[in-house]
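Some notes on the structure that comes next.
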Amino acid sequence: APIVSIDRLTKTYGNGFEALKGIDLDIEEGEILALLGPNGAGKTTLISIICGLVNPGSGKVMVAGHDVVKDFRATRALIGLVPQELTTDMFETVWNTVSFSRGVHGKKPDPALIESILKDLSLWEKKDNTLRELSGGMKRRVLIAKALAHEPKILFLDEPTAGVDVNLRREMWQVVERLRENGVTIILTTHYIEEAEEIADRVGVINGGRLLLVEEKRALMQKL
Ligand code: ADP
Ligand code: ADP
């Protein structure tokens, strides 16, 4: 069974704006799916609904067999969300930021796990530094470490390389590649074709609240 199943999903915001106009999509466990589309396409709305942060209009979204609306807690526990920017206290240390994030999800402390996450993301040497002392790339990696701290099965990355330089973009792609080796299902939004091409197994093209096509990456690149 797919780990995420989306059936005829629509979303109309309070101001009457139709952000999603009927999305059907199944996401398989262990895959990397890129949602590719221009600004305003509906990408963030879609992942916010799957993560249970925004209510769907009509339709149904299931995560690992749980309804995201009726069973919010069960689905939230399975999901890690990497937002675009750090919103946490910049005077806090890397170690505390990441280990507190596990607590937020009601999980017991697990220093050995936090250590391995920080090592995997090349943040171990910076564990006692405060966030404000980190480079842009390190801050992005802290966002990922926070999302991994409660051991999610699905990781959402919202525009992981928006506004970063080419070197940092490559670094992020390598990080995502290593996460896949650990079996995490990854869904990312992007407006860079090269990013979808570089890291995704499948690409969903979204525009004007519609999913125009979903293709294996190779098939898509032949069409473009
Ligand atoms: P919902 O239908 O989920 O209740 P609302 O339409 O009430 O969503 O809006 C949720 C929040 O998003 C509100 O705080 C609103 O101010 C804010 N918001 C309104 N318009 C926009 C927009 N164009 N982009 C981002 N956020 C917006
Ligand atoms: P993307 O992530 O692809 O840039 P979004 O899902 O953020 O797209 O936004 C899709 C459209 O919905 C945009 O036109 C945006 O202004 C609008 N929108 C987003 N959030 C809200 C909101 N809370 N209320 C009203 N409109 C919104």
Listed pairs Lys43/Lys108; Lys21/Lys217; Lys11/Lys217; Lys21/Lys153; Lys119/Lys223; Lys119/Lys153 exceeding 30 Å between Cα atoms: Lys43/Lys108; Lys119/Lys223
Residue with peak Gaussian network fluctuation, the chain [Cα springs, cutoff 10 Å], from Ala145, Ala77, Ala34: Ala77
Taking θ as phi - 60°, what are the ³J(HN,Hα) couplings along segment 119-126 by the Karplus curve (6.51, -1.76, 1.60), each to the nearest whole Hz, with x for Gly and Pro? 5, 4, 9, 6, 10, 4, 5, 9
Residue-span extension gain [Asn167 to Ser58] - 0.36 nm each, minus C-alpha spacing: 35.1 nm
Can you say what percent of the DSSP beta bridges in the chain, counting only those with both residues inside, are antiparallel? Round to 5. 55 percent
Value of [θ]222 nm, deg cm²/dmol, for the chain, DSSP H segments ≥ 4, -39500 (n - 2.57) each, nearest 500: -10500 deg cm²/dmol
Please compute the net charge surrounding Leu81, taking Lys and Arg as +1 and Asp and Glu as -1 over other residues with Cβ under 11 Å from its Cβ. +1
Spelling it out for Glu31: with amide H atoms placed in the peptide plane at 1.01 Å from N, the residues 5 or more places away or on another chain with amide H under 5 Å from its amide H are Ile186
In whole angstrom, largest first, the equivalent ellipsoid semi-axes that the Cα gyration tensor gives for segment 75-168 are 19, 17, 11
Set Lys and Arg Cβ to +1 and Asp and Glu Cβ to -1, take the dipole of the chain about its Cα centre, and tell me which of Trp95, Ile193, Leu134 lies farthest positive. Trp95
At 37 °C and a viscosity of 0.692 mPa s, what translational diffusion coefficient does Stokes-Einstein give for the chain, taking Rh as the Kirkwood radius over Cα pairs? Give it in µm²/s as a whole number. 183 µm²/s
Connecting C-alpha atoms closer than 10 Å in a GNM of the chain, tell me which of Thr97, Thr12, Thr45 has the biggest fluctuation. Thr12
Neighbourhood charge, 10 Å Cβ-Cβ cut-off, centred on Glu151 and excluding it, Lys, Arg +1 and Asp, Glu -1: +2
Between Leu157, Leu53, Leu35, which gets the highest mean-square fluctuation from a Gaussian network model of the chain, Cα cutoff 10 Å? Leu53
Per-residue HN-Hα couplings for segment 156-169, Karplus 6.51 cos²θ - 1.76 cosθ + 1.60 at θ = phi - 60°, whole Hz, x for Gly and Pro? 9, 10, 8, 6, x, 10, 4, x, 10, 7, 4, 4, 5, 4
So what is the relative contact order for the chain, in percent, with contacts set as C-alpha pairs under 8 Å and at least six apart? 29 percent
Cα-based shape type of segment 8-59, given that a ≥ b ≥ c are square roots of the gyration tensor eigenvalues and the cut on a/c is 1.5: prolate
Using a basic spin-label model with each label point 7 Å from the Cα along Cα→Cβ, how many nm lie between Thr88 and Glu181? 2.5 nm
Asn96-Thr12 pseudo-label distance in nm [points 7 Å out on the Cα-to-Cβ vector]: 4.7 nm
Roll a 1.4 Å probe over the protein chains and send me the accessible area per residue for the chain in Å². 49 Å²
The answer for the per residue Cα convex hull volume of segment 112-224, in Å³, is 122 Å³
Accessible surface of the chain, 1.4 Å probe, proportion on carbon and sulfur as whole %: 49 percent
If we count every other residue with Cβ under 10 angstrom of Asp201's Cβ, Lys/Arg +1 and Asp/Glu -1, where does the sum land? +1
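The values are calculated or read from the model by the stated rules, or taken from the named source; none is laboratory data. Computed from a predicted structure; not experimentally measured. Cβ atoms come from the backbone with ideal geometry, glycine included; neighbour counts cover every protein chain shown. Heavy atoms of the whole protein, side chains included, go into the accessibility calculation; ligands, DNA and RNA do not. Shrake-Rupley method; radii C 1.70, N 1.55, O 1.52, S 1.80 Å.
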